[in-house]
Every structure is written in C-alpha cells, then in structure tokens.
Amino acid sequence: MTSPVRVALLGCGTVGSDVVRLLHEQSADLAARIGAPLEIAGIAVRRVGRDRGDLPVDPALFTTDPLGLIKRDDVDIVVEVVGGIEPARGWLVEALRAGKSVVTANKALLAEDGATLHDAAAEGGADLYYEASVAGAIPLLRPLRESLHGDRINRVTGIVNGTTNFILSAMDATGAGFAEALEEATELGYAEADPTADVEGFDAAAKAAILASLAFHTRVTAADVHREGITEVTAADVASAKAMGCTIKLLCIAARNTDPAGRESVSVRVHPAMIPLTHPLASVGDAFNAVFVEAEAAGQLMFYGRGAGGAPTASAVLGDVVAVARNRLAGVHAASESAYADLAVRPMGEALTRYHISLDVADRPGVLEAVAGVFARHEVSIATVRQGPAGGGPAGRGEDAELVIVTHVAPDAALAATVRALRGLEIVRSVTSVLRVEGGA
Ligand code: NDP
Ligand code: HSE
C-alpha cells in the first residue's frame, strides 16, 4: 500500500475525540477507501495533561503548538475542530497557503470570513472542506456544492440548531415557558452552560450564511444575516400557533428574490416562525436538524438527521478527510469556491414575510375598522381575522376582545411598522403576540 496520509488534528474535545475514536476503529476500512492508511501526526490541544479517558491514541502525539504541528513536513492534511475566529483563522490560512488541505467544522469562522480561507485555498492549491459546519452529520453541503450544481436553487429553509429545536419542541409538547424549557435542555446536556450562541440565533445565523453562500454562488457573511433568537417566544405564542394548526420553529431562510425589473438578490434571515403542522419541517422534533431545499428542476428536497454531538459531527469530518485524502493521492483538487453570481443581499426590511398578530382590543363599534385601517395605510393586506373573547373571558359589549390577524405577504418593514402603529392605537389594550408565518399557514 502507498505511504500513509498524515493528519494534524487541531482540537480534541467533543468532536475531536470522536474523530480520533472513529479513525482508530475504522482504520482498515478508511485505508481501503482512500488507498492509503490515515495516520495522526499530532494533536494540538490547550491542555496536554487533561484526562482524556481511554482515548485510543499515543499521549506523545499531544502538543500545545498548533502552528508548529501544521508546519511539519510530515503533515499532509489539517483537521480543525477547535472553533472560534482567532487563532483558528491564522492556523488554517497557514496550512492552506502551504498546500495542505483543510477539513474544518468551524461555522463561526467560515461565516465570519470564509473568503479569506477560500482565497488561501486557491493560493495554495489546497482543498477546503467543511461539511460538519452546518447540520452536523447531515450530508448537506456536498449536495449543495456538487450534486445540485446543475440546478438552480431558489430557497433553503432549515432547522439548523438542535438546542433551540429541543426547547421549542418541549414548549410545544408541555406548554412550558422558554425559561423552563431551557432549564430542561441544560439538565439534559443539550444546551451549553452559556446558551447565548444558540438561543439568540448566532449559531443558526452562521449556518445560514454558509448555506446561502453555497446555494446562491454568492459570498454571504454572518453580518448579512438578519438574526432573531427564541428568548422572546412565550407559552402564549406557542398556544396561539397551536390554535392555528401550526407550530413554532427557529428557521433559517435563504431565498432568491427577483424584482420586477428582473434583478436578482438574496435575503437571509434567522427568526422564530409559525409553520403549519403539514409542513415537512413541522415534525422535526427533539434536537434534530432538517433542511428543506427548493430547486428549479429537482423540486423539493429534504435533508434530516442529527445536527450535533461528537460522533455525528465526527462522521461528517471523516467523510471530508476521506475526500481530501483521495484527492491528494490522485493529485487533484476539488472545485474551488463558486461565488460568481455575487448577488446583492437584501436588508430584512425588504424581505417578503407574513405576520400573525394577536391583539387585545376594546370590544366596541368601529374597533375592527380602526385596526383594519392601520393595515391598509401600511399597504399590508389582511388574509384572515378571528375575533374571540380576550383571555378566554365572556365576550360582549364593554368587554375586551382578542383579535387574531394573519396577513398576506408584504415587505417586513411594512409589517413591523403596522405593529408599531397598532401599539399606538387607544383601542388596542396590548399586542400579545407577533410571529412571522412561513409555509402557507
Ligand atoms: P470543544 O470545546 O469540546 O473542544 C475544543 C478543543 O479545542 C479542545 O480539545 C481544546 O483543548 C482545543 N483548544 C481550544 N483552544 C485551543 C488552542 N488555543 N490551541 C489548541 N487547542 C485548543 O469543542 P467541540 O468539539 O464541541 O467543537 C469543535 C468545533 O466543532 C467548533 O468549531 C464547533 O462549532 C464545531 N461543531 C461542534 C459540534 C458539536 O456538537 N460539539 C457540532 C458541529 C460543529 P483541550 O481539550 O485541552 O481543552
Ligand atoms: N450548538 C449547536 C446546536 C450544535 O445546538 O445545534 C453545533 O452546531
């Protein structure tokens, strides 16, 4: 057999330790698939002395000098599972410029500055693979960047954060509030001690940027993504969704838009939204991820699976390692970044969305007309209106009433302005719930 392909592993935490384990357990199969054995040249960590249980690896391989490891002549491929922007960016640029292919799970870095990595890969003639960075084990980026390259993708809608999906699913199942569901997620190990990146939507926004870049052949960064988390979603919102035959999910939505003059742009956003129970994403429960792709010729495609965890993520990392190792032995490289379309990214205010709005209003003549007038002045068309007793109490003149209004599609800025104006009406006691609606509810 040919001489080994030597891997520098940067990071040996949740994902890295499972990469080591799988490399060990499947070494014969991996060697057969690649045509050469894979060997770990070294493992860079922060604490060499950390107890790593029964990890099947020679302790002498550990180092606290990632850059020194990357620069070694006997390193062919660099696998980065440390995370964060710096120093990871510096390490990967060094590796790629030196012609060493990189496999990374680092969504934060790819979404912040993927361009620098792609440029370094092109400069060094190296491969940059990052399947694990979005939706963990789910084969998704390879289909977007290879299988669907003969097609035209119009929209990608996904549940790409397992922690928030667990929380929202728990709220839906039990009627719990956000804080209670987060506590359960933390106890069960789904949410991290600091859950900010997940619950505020930063993690999903990074993944949305990566998906949009691949789907639309356009460089999209995390800063281009409109981001709202789930901390404001209440038990009342969830109940309101249920009453409409819907559920609430944190969605990442990347859409191609064409204006009346035929000019194309993209909008990329992450926010909670109501979707009908009949939507394919509605049944994605627990901490699972799923991504729904709509393409011109292929039609609708659904990708589903585990979006996090050591072994599922390591599976995606190793798939990439096999691909880049094979390329190396064949003396070829994968196609470089495809960003030729260079579409403009629209601000959120211009994205076309629909709102579900619940209001407590005074129940007296002319109220419906006043409320409808606000929508009309903002050029927002109402799709449905339902009136019932406020807070479940008896309806009648002199009592408050609840109005539930669902709009047709309108620019998000017009919808937001409508809600602001409603809050200012004397007859509106309170706006109890505002949620975007996706998927034809
Ligand atoms: P962990 O925090 O579990 O592990 C990080 C590893 O990096 C540790 O081994 C740590 O060393 C090492 N490390 C940290 N700082 C340095 C440094 N300055 N120099 C050298 N080594 C360092 O992270 P995860 O395994 O959870 O995540 C790794 C990457 O994978 C991240 O980019 C993450 O976003 C991504 N990812 C993670 C998923 C998951 O389910 N966990 C899912 C999908 C992607 P030490 O062991 O000594 O502490
Ligand atoms: N924190 C992420 C999630 C996992 O909850 O899905 C890593 O992408």
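The values are calculated or read from the model by the stated rules, or taken from the named source; none is laboratory data. Note that the structure is a prediction, hence the values are computed from the model and not measured. Ideal geometry is used to build each Cβ from the backbone, glycine not excepted, and the neighbour counts take in all protein chains shown. Note: areas computed on protein heavy atoms with side chains; ligands, DNA, RNA excluded. Shrake-Rupley method; radii C 1.70, N 1.55, O 1.52, S 1.80 Å.
The table below gives the values:
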item	result
Positions within segment 45-98 being of a type in the set (Gly, Ala, Ser) and closer than 19 Å to PRO4 by Cβ, in sequence order	ALA60, ALA95, ALA98
Checklist (1) closer than 29 Å to VAL431 by Cα; (2) open to solvent by 50 Å² or more (accessible area, probe 1.4 Å) applied to PRO260, failing item	(1)
Residue in segment 283-292 that is more than 16 Å from ligand 2 (Cβ to nearest atom) and either modelled with pLDDT of 95 or more or of a type in the set (D, E, K, R) (or both) present	yes
Condition check for THR174: surrounded by fewer than 20 Cβ atoms within 10 Å (Cβ to Cβ) and either within 16 Å of ligand 2 (Cβ to nearest atom) or polar (S, T, N, Q) (or both)	yes
Within segment 390-413, tally of residues that are open to solvent by 20 Å² or more (accessible area, probe 1.4 Å) and at pLDDT 80 or above	6
Options THR116, THR104: the member that is closer than 20 Å to HIS333 by Cβ and within 11 Å of ligand 1 (Cβ to nearest atom)	THR104
Residues located in segment 1-29, provided they are within 16 Å of ligand 2 (Cβ to nearest atom) and either open to solvent by less than 10 Å² (accessible area, probe 1.4 Å) or free of Cβ contacts under 8 Å to residues at least 60 places away in the same chain (or both)	GLY11, GLY16, VAL19
Qualifying helices (runs of 4 or more DSSP H) (wholly inside segment 155-263; at least 3 residues being within 16 Å of ligand 1 (Cβ to nearest atom) and more than 22 Å from ALA282 (Cβ to Cβ))	202-216
Set ALA36, ALA32: member being touching a residue at least 40 places away in the same chain (Cβ under 8 Å), away from ligand 2 (no atom under 16 Å from the Cβ) and in the same structural domain as GLY124 (by TED's automatic domain parsing)	ALA36
From ALA298, ALA255, ALA261, residue being in the same structural domain as THR157 (by TED's automatic domain parsing), among the hydrophobic types (A, V, I, L, M, F, W, C) and in contact with a strand residue (DSSP E or B) (Cβ under 6 Å, 6 or more places away or on another chain)	ALA255
Failed criterion for ILE167 (all others in (1) open to solvent by 40 Å² or more (accessible area, probe 1.4 Å); (2) farther than 30 Å from TYR340 by Cβ hold)	(1)
Filter pass, PRO365 being free of Cβ contacts under 8 Å to residues at least 40 places away in the same chain, more than 30 Å from GLU146 (Cα to Cα) and open to solvent by 30 Å² or more (accessible area, probe 1.4 Å)	yes
Hey, THR196 within 22 Å of GLY84 (Cα to Cα) and surrounded by fewer than 17 Cβ atoms within 10 Å (Cβ to Cβ) or not	yes
Tally of residues being in contact (Cβ under 8 Å) with a residue 12 or more places away in the chain, out of contact with any helix residue (DSSP H, G or I) (no Cβ under 6 Å at 6 or more places or on another chain) and among the polar types (S, T, N, Q) across segment 101-147	2
Residue within segment 126-143 that is in a helix (DSSP H, G or I), within 16 Å of ligand 1 (Cβ to nearest atom) and of a type in the set (D, E, K, R) present	yes
Odd one out for ALA273 among (1) within 15 Å of ligand 2 (Cβ to nearest atom); (2) in the same structural domain as LEU214 (by TED's automatic domain parsing)	(1)
The one condition in (1) surrounded by fewer than 24 Cβ atoms within 10 Å (Cβ to Cβ); (2) over 28 Å from GLY13 (Cβ atoms); (3) among the hydrophobic types (A, V, I, L, M, F, W, C) that VAL156 fails to fulfil	(1)
Sole residue being acidic (Asp, Glu) and open to solvent by 70 Å² or more (accessible area, probe 1.4 Å), chosen from GLU350, GLU438	GLU350
Scope segment 279-327; condition in contact (Cβ under 8 Å) with a residue 24 or more places away in the chain and of a type in the set (S, T, N, Q); matching residues	ASN289, THR313, SER315, ASN327
Restricting segment 44-92 to residues that are of a type in the set (Val, Ile, Thr) and more than 8 Å from ligand 1 (Cβ to nearest atom), the residue that is surrounded by the fewest Cβ atoms within 10 Å (Cβ to Cβ)	ILE85
Residue in segment 335-346 that is touching a strand residue (DSSP E or B) at 6+ places or on another chain (Cβ under 6 Å), away from ligand 2 (no atom under 16 Å from the Cβ) and not in a strand (DSSP E or B) present	yes
